[in-house]
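The values are calculated or read from the model by the stated rules, or taken from the named source; none is laboratory data. Since the model is a prediction, treat every value here as computed from it, not as a measurement. Here Cβ is always computed from backbone atoms with ideal geometry, including for glycine, and neighbour counts include all displayed protein chains.
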Amino acid sequence: MNNRRGFLTAASAFAAAGLATKAVTANAANHSAQTCQIFDSARQAAVSPDDALKKLKEGNERFLSGNSANCDLIAHVKATGAGQAPFAAVVGCIDSRVPPELVFDQQIGDIFAARVAGNFVNTDIIGSLEFAAKLAGSKLIVILGHTECGAVKGAVDDAKLGNLTAMLANITPAVEKVNDIGGERSSKNAKMVQAAADQNAKDAATMLLERSEILREMVDSGALKVVTAMHDVHSGRVTWHS
């Protein structure tokens, strides 16, 4: 009798565990299906700037937890072949550790990504973002800096090397604004480098709106949001300045 009771108890526990596993699997599959939906013009139009920011924050949490969506990328290629409707645009560094699509767990057709060493903005990138927001309908622009940025370190050290010299000049104004950090003003000072990286991202967002009447009007009307953020290359976490 005791053996029979033990068997029934174990069987019940096993069945309950099986149902729980199925429920978790079903929820994960449902979540993945929602995440893997293609952004078409109708779905893009339904997203507000705040919704867009929320989606990127949720995506980074999936990335950190190891639960990135498992999507059929070839299906996405085919579905977006005739057109695109990304909900956000990200200006990031070329650093190999900070690919925006992976960091935010987004799929083909979800976000625009403009990348340049030091994630600064110039006429070309601002024009690209005007296309992304005004013509292609994106609701959010993120200036994404990152820790341990080699371009920022180069600007801090006033490095000179071919065309890199002119490129780093775009970051120098941010470096010059950092005056309240103790220690030497060199790339060996981690606090100095990080403060310059934070300032550089904020300066890019400010310049973006100063130099683009189109984007400024969209922000003023509530059709667009511009934010800055910092990606930690040691943890993968994105923190938001605003």
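A few comments on the model shown:
- Enumeration of residues in segment 210-242 that are aliphatic (A, V, I, L, M), within 14 Å of Pro49 (Cβ to Cβ) and over 13 Å from the mean Cα position of the chain (by Cα): Leu215, Met218, Val219, Ala223, Leu224
- The lone exception for Met167 - which of (1) in contact (Cβ under 8 Å) with a residue 40 or more places away in the chain; (2) in a helix (DSSP H, G or I); (3) touching a helix residue (DSSP H, G or I) at 6+ places or on another chain (Cβ under 9 Å); (4) over 20 Å from Ser96 (Cβ atoms) it fails: (4)
- Which numbered condition Ala75 misses (of (1) without any contact (Cβ under 8 Å) to a residue 12 or more places away in the chain; (2) of a type in the set (A, V, I, L, M); (3) in contact with a His (Cβ under 8 Å, 6 or more places away or on another chain)): (3)
- Any hit, segment 43-56, residues being in the same structural domain as Val233 (by TED's automatic domain parsing), touching a strand residue (DSSP E or B) at 6+ places or on another chain (Cβ under 8 Å) and assigned to a loop (DSSP other than H, G, I, E, B): no
- For segment 74-87, taking the residues that are of a type in the set (A, V, I, L, M) and either surrounded by 11 or more Cβ atoms within 10 Å (Cβ to Cβ) or in contact with a Lys or Arg (Cβ under 7 Å, 6 or more places away or on another chain) (or both), the one that is nearest to Asp110 (Cα to Cα) is identified as Ala85.
- Among the residues of segment 191-233, those that are under 15 Å from Val91 (Cβ atoms) and among the small types (Gly, Ala, Ser) comprise Ala197, Ala201, Ala204, Ala205, Ser212, Ala229.
- Selection within segment 201-242 - without any contact (Cβ under 8 Å) to a residue 24 or more places away in the chain and touching a helix residue (DSSP H, G or I) at 6+ places or on another chain (Cβ under 7 Å): Leu209, Arg216, Val219
- Given (1) buried (at least 16 other Cβ atoms within 10 Å of the Cβ); (2) farther than 24 Å from Gly150 by Cβ; (3) aliphatic (A, V, I, L, M), number of the condition Val90 does not satisfy: (2)
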